[in-house]
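The values are calculated or read from the model by the stated rules, or taken from the named source; none is laboratory data. Since we're looking at a predicted model, the values are computed, not measured. Cβ: placed from backbone, ideal geometry, glycine included. Neighbour counts: every protein chain shown. All accessible areas refer to the heavy atoms of the entire protein, side chains included, with ligands and DNA or RNA removed. Shrake-Rupley method; radii C 1.70, N 1.55, O 1.52, S 1.80 Å.
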Amino acid sequence: MRDVSRLRGITWDHPRGIDALRAGSDAFARRTGVTVEWTARSLREFEDTPVAELTGEYDLVALDHPFIGDAVEAGALLPLDSVLPPGELRERAGDSAGPSHASYHWRGRQWGGAVDAACMVAAHRAGAVERTEIPERWDDVPAFARRHGREAVLLAANPTHLWGTVLSLCEAGADTAAGPREGWRRGADGRPEWWGDAGVDPALLGEAVERARRLLALCAPESSAADPIAVLERLADPHDAALYCPLVFGYVTYARPGARPALVAFTDAPRLGDEPVGTLTGGVGLAVSARSDAGRDAAAFVRLATSAQVQRGPAHAAGGQAGRRSVWLDARVDDEVTGFYRSTLATMDRSFLRPRLPGYPAYQRAAAEELHRGLAKGVRGRDIVTELGNLWRKHVRA
């Protein structure tokens, strides 16, 4: 049996992904004498690698919420409600930034804790354009592109993130069609009502695909290969032609003075109607391997890393992005990241979850590639929608 005074964890390779966890690990070691050694993987691996493949080697796994269904079905995770006090889990549920805590709750059990909360929002290079020029509506984006040129508009539109954009456009369309506030309704598992067990509503999906097609025509061609980090690095470069991204996952890292040559400013996502609209929820959960020899110690680390004290203190100082709503509302914290939290909270509060159904991660990979390929080749929207429906039936076990 290995030394259980040393935990092993795997997260993703970005300061927001690993530095905050290392800061929490330092605090944990001082309190308990138990150390956590972290391995970092790429963003692409974080988005695509099945969790069950990691739980044989690691005690702690940073994950995206759609992996929960597959991981639970494989018996790969330790339910946190079996080792953490119920009152603490309820307290975290009540202090969640958007649905972040709930995203790791599945079929009556809590399988992870929100160490990080994110959703898709708009971003621009601070000071490079007037704030009044930043589009508040999707219909304002073409005018911005005409004024500043196509190279000024960048989108994270590699397959995974183009998929997120299309889903967020589905929510914007549903919100507009249903009228104020009706589009915010969620099913019991956090999915929007337009995304049922038979898949995404085809009419809404078709409209979103066509809107994404028009959007890509306004953006720099290199958008089709870009992920959020590539987009934000370019926005943070004062010599780059890129000025604006209409939809990208928010990264508090780029809103910190001195962290990059230029600050990136974040705002709520563009909308189609009159009210703020939610987008796709991202963020990071921390789960405990069911195969760990030190499950209780690993769960104790999740408890510490998801506490408001750590997220407001050492994790924030190290570059973390809080999963706690109370930290998003903390004026001192927000001032230190140039208003990142208050500028995107309306979108975060309304953000929606993807399914956690078994088979969904495989569907997302296949659907994202199909969507990306179809739009690149000029395939008719209705044919793309038909194939996405076929893939849902092939992969997802509702």
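Which residues, taken from the stretch 34-53, are part of a loop (DSSP other than H, G, I, E, B) and within 10 Å of F67 (Cβ to Cβ)?
T49, P50
Could you please let me know if G323 is surrounded by fewer than 19 Cβ atoms within 10 Å (Cβ to Cβ), in contact (Cβ under 8 Å) with a residue 24 or more places away in the chain and of a type in the set (G, A, S)?
Working: surrounded by fewer than 19 Cβ atoms within 10 Å (Cβ to Cβ): no; in contact (Cβ under 8 Å) with a residue 24 or more places away in the chain: yes; of a type in the set (G, A, S): yes.
Against the criterion (surrounded by fewer than 19 Cβ atoms within 10 Å (Cβ to Cβ), in contact (Cβ under 8 Å) with a residue 24 or more places away in the chain and of a type in the set (G, A, S)), G323 does not qualify.
Going by what's in this entry, would A269 be described as in a loop (DSSP other than H, G, I, E, B), buried (at least 24 other Cβ atoms within 10 Å of the Cβ) and of a type outside the set (V, I, T)? I'd like the intermediate steps shown before the answer.
Working: in a loop (DSSP other than H, G, I, E, B): yes; buried (at least 24 other Cβ atoms within 10 Å of the Cβ): yes; of a type outside the set (V, I, T): yes.
So A269 fits the description; yes.
Check T347, T338 and return the single one that is in a loop (DSSP other than H, G, I, E, B), polar (S, T, N, Q) and in contact (Cβ under 8 Å) with a residue 24 or more places away in the chain.
Exactly one residue qualifies, and that residue is T338.
Name, by its number, the condition in (1) touching a strand residue (DSSP E or B) at 6+ places or on another chain (Cβ under 9 Å); (2) in a helix (DSSP H, G or I); (3) open to solvent by less than 30 Å² (accessible area, probe 1.4 Å) that does not hold for P135.
Status for P135: all satisfied but (2).
Could you tell me how many of the residues in the stretch 287-307 are within 21 Å of G323 (Cβ to Cβ), polar (S, T, N, Q) and touching a residue at least 60 places away in the same chain (Cβ under 8 Å)?
2
Here's the yes/no breakdown for (1) closer than 30 Å to V396 by Cβ; (2) crowded, with 18+ Cβ neighbours inside 10 Å; (3) at pLDDT below 95:
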{"position": "A52", "(1), (2), (3)": "yes, yes, yes"}
{"position": "A62", "(1), (2), (3)": "yes, yes, no"}
{"position": "P66", "(1), (2), (3)": "yes, yes, no"}
{"position": "G69", "(1), (2), (3)": "yes, yes, no"}
{"position": "R90", "(1), (2), (3)": "no, no, no"}
{"position": "R125", "(1), (2), (3)": "no, yes, no"}
{"position": "V141", "(1), (2), (3)": "no, yes, no"}
{"position": "L155", "(1), (2), (3)": "yes, yes, no"}
{"position": "P159", "(1), (2), (3)": "yes, yes, no"}
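Among D70, D59, which is among the charged types (D, E, K, R), more than 30 Å from P276 (Cβ to Cβ) and in contact with a Ser or Thr (Cβ under 7 Å, 6 or more places away or on another chain)?
Checking each option against the conditions leaves just D59.
Considering each residue of the stretch 244-270, count those that are at pLDDT below 95 and more than 18 Å from L154 (Cβ to Cβ), and give that number.
Here the count works out to 2.
Out of everything in the stretch 27-84 that is acidic (D, E) and out of contact with any strand residue (DSSP E or B) (no Cβ under 9 Å at 6 or more places or on another chain), what residue ends up being nearest to H101 (Cα to Cα)?
D70
Please tell me if L243 is crowded, with 20+ Cβ neighbours inside 10 Å and either in contact (Cβ under 8 Å) with a residue 24 or more places away in the chain or farther than 30 Å from A74 by Cβ (or both). Let's see the steps before the verdict.
Working: crowded, with 20+ Cβ neighbours inside 10 Å: yes; either in contact (Cβ under 8 Å) with a residue 24 or more places away in the chain or farther than 30 Å from A74 by Cβ (or both): yes.
Taking the combined requirement at face value, the residue satisfies it.
Could you say which residue among R373, R393, R365, R356 is basic (K, R), surrounded by 23 or more Cβ atoms within 10 Å (Cβ to Cβ), modelled with pLDDT of 95 or more and within 30 Å of A157 (Cα to Cα)?
R356
Of all residues being part of a helix (DSSP H, G or I) and acidic (D, E) in the stretch 13-32, which is most open to solvent (accessible area, probe 1.4 Å)? Just the residue, please.
Among residues in the stretch 13-32 that are part of a helix (DSSP H, G or I) and acidic (D, E), the one most open to solvent (accessible area, probe 1.4 Å) is D26.
Filtering the stretch 303-328 down to residues that are within 16 Å of the chain's Cα centre (by Cα) and part of a helix (DSSP H, G or I), which residue is farthest from S100 (Cα to Cα)?
Going through the stretch 303-328, the residues within 16 Å of the chain's Cα centre (by Cα) turn out to be 320-325, 328.
Those still in the list that are part of a helix (DSSP H, G or I) too: 325, 328.
On the way: R325: 10, W328: 13 Å.
Only one residue tops the list, namely W328.
Can you run down the residue pairs with Cβ atoms below 6 Å, 6 or more apart or on separate chains, where the first is in the stretch 187-207 and under 18 Å from R350 (Cβ atoms) and the partner is exposed (fewer than 15 other Cβ atoms within 10 Å of the Cβ)?
E193/R185
Considering only residues that are open to solvent by 50 Å² or more (accessible area, probe 1.4 Å) and over 15 Å from G187 (Cα atoms), look in the stretch 92-109 and name the one that is nearest to the chain's Cα centre (by Cα).
For the stretch 92-109, the residue satisfying everything is A93.
Quick one: how many residues across the stretch 194-233 are within 16 Å of W163 (Cβ to Cβ), among the hydrophobic types (A, V, I, L, M, F, W, C) and open to solvent by 50 Å² or more (accessible area, probe 1.4 Å)?
Residues in the stretch 194-233 being within 16 Å of W163 (Cβ to Cβ), among the hydrophobic types (A, V, I, L, M, F, W, C) and open to solvent by 50 Å² or more (accessible area, probe 1.4 Å): 1 in total.
Give the number of residues within the stretch 74-87 that are among the acidic types (D, E) and within 23 Å of the chain's Cα centre (by Cα).
Residues flagged as among the acidic types (D, E) and within 23 Å of the chain's Cα centre (by Cα) within the stretch 74-87 amount to 0.
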